[in-house]
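Heads up, the thing below is written out as structure tokens.
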Amino acid sequence: MSPTLVHVGIRASDLEATIRFWRDGLGIPVVASRDGSFDLSDGYHNFRIFQHEGPSRPPHVSGMLDYLHIGVRVSDLEAAASRLLEMGYEIFSDGLAGKIPVDVKNIEEGAFKVEDPDGITVDITASDDQWPGVQMT
């Protein structure tokens, strides 16, 4: 049997704000919770969000806008962008000069980026072929 990616975990500075981002903003359902963590899933992958309990997180590495990012496919790109905007998040694409604001009503690239409450970049698309090797159902 070949290896299969099934789980990603992140530690959030503000667990409740991070859950609202992923569950309410992006629509990924919470399938389980326990003290200090939530499990979200698309039915194929487990995404566990833990409450960060350690010392303060270091600031982002300057000049590395996309040092770490997570990709998510949604069924309606404009609706996801609108929900996130209503929640107070900035919708953008990235260029050599940094963040470029995106018009939610005219997402030309077929994708946009948004940062979660801890500044992790999330790449949002509605395309089935955004990432090579991934078979969408």
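The values are calculated or read from the model by the stated rules, or taken from the named source; none is laboratory data. If you're wondering where the values come from, they're calculated on a predicted model, not measured in any experiment. Cβ: placed from backbone, ideal geometry, glycine included. Neighbour counts: every protein chain shown.
Assorted remarks:
- Residue within the stretch 92-109 that is at pLDDT 90 or above and on the phi < 0 side of the Ramachandran plot present: yes
- Residue check, Asp76 of a type outside the set (Gly, Ala, Ser), under 28 Å from Ser41 (Cβ atoms) and surrounded by fewer than 16 Cβ atoms within 10 Å (Cβ to Cβ): yes
- Entirely in the stretch 1-71, the strands (runs of 3 or more DSSP E) that have 1 or more residues that are at negative phi, in contact with a helix residue (DSSP H, G or I) (Cβ under 6 Å, 6 or more places away or on another chain) and modelled with pLDDT of 95 or more: 30-34, 37-41, 46-51
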